[in-house]
Amino acid sequence: MNVDLVPWDDPDATELRAGQRREIAERYGTPDSEPGTPPSAGDIAVFAVVRDEGGTAVGCGGLRDLGEGFGEVKRMYVLPDSRGSGAAAVLLQALEEWARGQDWKALRLETGNRQPDAVRFYTKAGYTPIPAFGAYADDPGSLCFERVL
């Protein structure tokens, strides 16, 4: 698996994010379940696409700079057929490595209470529960995590 840092508007990144939003809409029964400001080209510090051995884009994710040495993982997604392949772990490790290169001290993230698979993945990757932060503080369905880098 290879991870490429790409612009926000990269066609593969755009398609993968659309798939992520469709899946989230199905899980939560609403087209807009984003409690905070949706990520955009203007506020994502880095965006990455993970590709399988054949070069097909199978996952994506990015980081938002929260300031004071903290970043937020945004739009992590792996195609359903590629789950269990290690793509998510490779992608998350690449994002963490990038964050370390920026001297960030920790990464935070929010996932929802209808995403037990995401909770398992992030917990296995060393993320621990924290109180809801920022725009997520008043959302009872938000589950927040952090990993010190």
Complete set of residues in segment 25-54 that are part of a helix (DSSP H, G or I) and free of Cβ contacts under 8 Å to residues at least 12 places away in the same chain: A25, E26
Checking G42 against (1) more than 15 Å from the chain's Cα centre (by Cα); (2) crowded, with 16+ Cβ neighbours inside 10 Å, which single condition isn't satisfied? (2)
Return the pairs, sorted by first residue and then second, in which the second residue is of a type outside the set (K, R) and in a helix (DSSP H, G or I), the first residue lies in segment 91-111 and is touching a residue at least 40 places away in the same chain (Cβ under 8 Å), the beta carbons are less than 7 Å apart, and the residues are 6+ apart or on different chains. L107/E96; L107/A99; E110/Y136
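For segment 57-116, please list each of the strands (runs of 3 or more DSSP E) lying entirely inside it that holds at least 1 residues being of a type in the set (G, A, S) and over 13 Å from P39 (Cβ atoms). Break it down into steps so the answer makes sense when it comes.
Working: elements: 57-67, 70-78, 106-112.
So the answer is 57-67, 106-112.
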Go over the candidates P31, P38, P11 one by one and state the one that is closer than 22 Å to A99 by Cα and out of contact with any strand residue (DSSP E or B) (no Cβ under 6 Å at 6 or more places or on another chain). P38
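Report the residue count in segment 17-48 for those that are of a type in the set (S, T, N, Q), over 15 Å from G61 (Cα atoms) and at pLDDT 95 or above. Quick ask: steps written out before the conclusion?
Applying the first criterion (of a type in the set (S, T, N, Q)) to segment 17-48 yields 20, 30, 33, 37, 40.
Within this subset, residues satisfying the condition of being over 15 Å from G61 (Cα atoms) are 30, 33, 37.
Among the residues that remain, those that are also at pLDDT 95 or above are: none.
Selection size over segment 17-48: 0.
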Give the residues of segment 58-84 that are of a type in the set (G, A, S) and buried (at least 17 other Cβ atoms within 10 Å of the Cβ), sorted by residue number. G59, G61, G62, G71, S82
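The values are calculated or read from the model by the stated rules, or taken from the named source; none is laboratory data. Quick caveat: nothing in here was measured; it's all calculated off a predicted structure. All Cβ positions, glycine included, derive from the backbone under ideal geometry; neighbour counts span all protein chains shown.
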